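Let me begin by presenting the structure, written as structure tokens, before commenting on it.
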Amino acid sequence: MTKTEVVVVGAGVVGLSCAVSLAEAGHRVRVWTADDPTATASAHAAGVWKPTYQAPLASSLAWASRSLEHYRRLAVDPETGVRMVDALTVGEVPDRHALPDQLSMLPDLAVPTTLPPGFDRGLAHRAPVVDLPRHLRWMLERLAALGGTVVLRRVESLDEALAEAPVVVLAAGLGARELAGDPTVRPLFSQYVVTDNPGVHRVLVEISDARRWTSVIPHADRVHLGGVRVPGRTDATPDREEAREILHRCREAEPALQDARVLRIDTGILPARPTTRVEVEQRGNGLVVHDYGHGGSGLALCWGTAHDVVRLVAAHHTAVERPSA
Ligand SMILES: Cc1cc2nc3c(=O)[nH]c(=O)nc-3n(C[C@H](O)[C@H](O)[C@H](O)COP(=O)(O)OP(=O)(O)OC[C@H]3O[C@@H](n4cnc5c(N)ncnc54)[C@H](O)[C@@H]3O)c2cc1C
């Protein structure tokens, strides 16, 4: 495979997973980001790999499965911020004998002995939980060790990046709307409540299409409680009434949270798109690989989409450099 210079635009989980994967494949990688990686939407994620029905479905299944395997490998090293944890998926869960692929890939599937109040269907399993501050730090250190760099720089156009590298990966989340001229990228407000951890060890994820849902994602020192999403909203100001309702729902489902102390409210504006876009675009002599539109499933998909980005760079950049090959 031809090694090349790559500029990755974006330092959320999507951009950094691409940057690390491309650097591991031997490419020289620079990341340009408008925001410090600790101030991205990704930095506020609750941190669970969860089943996703994001379109395109067949690709999402492959991306989610590959990401899951990647997290399972990373979980052997605490420095990565990834752990495998007992989990319960509840809500719109079909009969055990008719599970869709999104659910049958869950590790160590079992019938739960009990279900939380308010839920009558569920699956017990293991799930990766990712401590975002630590995982982002690990990705930045891994990238640096492979010779990659991260620069705070807002990009005004893809041509600006193509002037400095023959391959550009567009992983700018919501910023891809302007940079790719793609009006199908839409803002999606998301909010969680973060409490201290009074002794919660098991993940609870409700599968639901609804605007509000119940999820409990425990980390060593805190618990992220979900959640609410509002399509089209661009104002990231925390909604205190929604926060009270989230707390109420999660305390009903997980009584151990009764005395938990609220530490903060996490919000973010996510890059929603009818389908996640992983695609090559030839621009003059340059190559743009689009990798954006992960909506509320960035963690669940990012290592899988990064894998495809590496594959696309290998296939298309070689073709550009050696047309007769
Ligand atoms: C409260 C909350 C909880 C969540 N929990 C989970 C969870 O448990 N599991 C899960 O899978 N997902 C979760 N998500 C969703 C997840 O965070 C997103 O899917 C993910 O962050 C999208 O990542 P991204 O890298 O595409 O975008 P972002 O994290 O938004 O990163 C975009 C990057 O592009 C850069 N950029 C944008 N425009 C430009 C420009 N013009 N020039 C240069 N750089 C630019 C930004 O500076 C940034 O670095 C949660 C989100 C929130 C808000």
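Remarks
- Ligands, DNA and RNA are left out, and with a 1.4 angstrom probe the accessible area of the chain is 44 Å² per residue.
- Expected 222 nm ellipticity per residue - DSSP helices of 4 or more, -39500 (n - 2.57), all of the chain, to 500: -9000 deg cm²/dmol
- When the convex hull of its Cα atoms is viewed from all sides, segment 27-159 shows a mean projected area of 10.8 nm².
- Against the chain, whose longest principal axis comes from its Cα atoms, helix 240-253 is set at around 60 degrees.
- Considering only alpha-carbon pairs that sit under 8 angstrom and 6 or more positions apart, the relative contact order computed for segment 5-320 is 26 percent.
- Element breakdown for segment 1-126 at a 1.4 angstrom probe: carbon and sulfur atoms account for 51% of the accessible area.
- Counted over all Cα-Cα pairs of segment 5-320, pairs farther apart than 36 Å make up 16 percent.
- Helix 132-145 vs. the chain, principal-axis angle (Cα, 0 to 90°, nearest 10): 20 degrees
- Most tightly packed first, judged by the mean number of other beta-carbon atoms within 10 Å of their residues, the peptides 252-262, 223-233 read 223-233, 252-262.
- Angle of helix 13-24 to the longest C-alpha principal axis of the chain, folded into 0 to 90 degrees and rounded to 10: 50°.
- Gain in span if fully extended, residue 245 to residue 157, counting 0.36 nm per residue against the direct Cα distance: 27.5 nm
- Set the Cα radius of gyration of segment 224-274 against 2.2 N^0.38 Å, with N its number of residues, and you get 1.28.
- Student exercise, segment 5-320 dipole from Lys, Arg, Asp, Glu Cβ charges, in Debye to nearest 20: 180 debye
- Pairwise centroid distance, computed over Cα atoms, of segment 289-313 with segment 207-280, Å: 23 Å
- Coil-residue GluC sites (Glu not before Pro) of segment 66-172, DSSP, other Cβ within 10 Å capped at 15: 92, 156, 164
- Distance between the 7 Å Cα→Cβ label points at residue 184 and residue 137: 3.9 nm.
- ³J(HN,Hα), Karplus 6.51/-1.76/1.60, whole Hz, each residue of segment 213-224, x for Gly, Pro: 8, 10, 8, 10, 10, x, 10, 4, 10, 7, 10, 9
- Per-pair calculated FRET efficiency, R0 = 25 Å: residue 264 and residue 209 via Cβ, rounded to 0.05: 0.35
- Max-minus-min Cα coordinates of segment 243-297 on each principal axis give 60, 20, 16 Å, with the largest extent listed first.
- Loop-resident sites, segment 1-67, for chymotrypsin sites (Phe, Trp or Tyr not before Pro), counting at most 14 other Cβ within 10 Å (DSSP): 53
- For the pair segment 76-97 and segment 41-64, the centres of their Cα atoms are 13 angstrom apart.
- Nonpolar atom fraction for segment 182-325, defined as the carbon and sulfur part of the 1.4 Å probe accessible area, stands at 49 percent.
The values are calculated or read from the model by the stated rules, or taken from the named source; none is laboratory data. Note that this is a predicted model, so its numbers are computed, not measured. Quick reminder, even Gly has a Cβ in these numbers, built from the backbone with ideal geometry, and neighbours come from all protein chains shown. The area values use the complete protein model at the heavy-atom level, side chains included, leaving out ligands, DNA and RNA. Shrake-Rupley method; radii C 1.70, N 1.55, O 1.52, S 1.80 Å.
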